[in-house]
Amino acid sequence: MAPFVYEALLAQKKVTFDKSEFVFCTRDGEPLSYRNVNRRV
């Protein structure tokens, strides 16, 4: 993994850590729905 990717993931985790154990989560701290992710990517 490229260092800048790792740093970006750490920064995102700091934003969501108080809500969830997941790096990327919903506003409620729940894991993202794979269907929603697939539609938007």
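Only the coordinates and a few stated rules stand behind these numbers; no lab work does. The structure displayed is predicted, hence computed values, not measured ones. Every residue, glycine as well, gets a Cβ built from its backbone with ideal geometry; the counts of neighbours run over all protein chains shown.
In table form, for the structure just shown:
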read-out: Matching residues in the chain - criterion: being outside any loop (DSSP other than H, G, I, E, B) and among the aliphatic types (A, V, I, L, M); value: Val5, Ala8, Leu9, Leu10, Ala11, Val15, Val37
read-out: Subset of segment 24-39 [of a type in the set (A, V, I, L, M, F, W, C) and touching a Phe, Trp or Tyr at 6+ places or on another chain (Cβ under 9 Å)]; value: Leu32, Val37
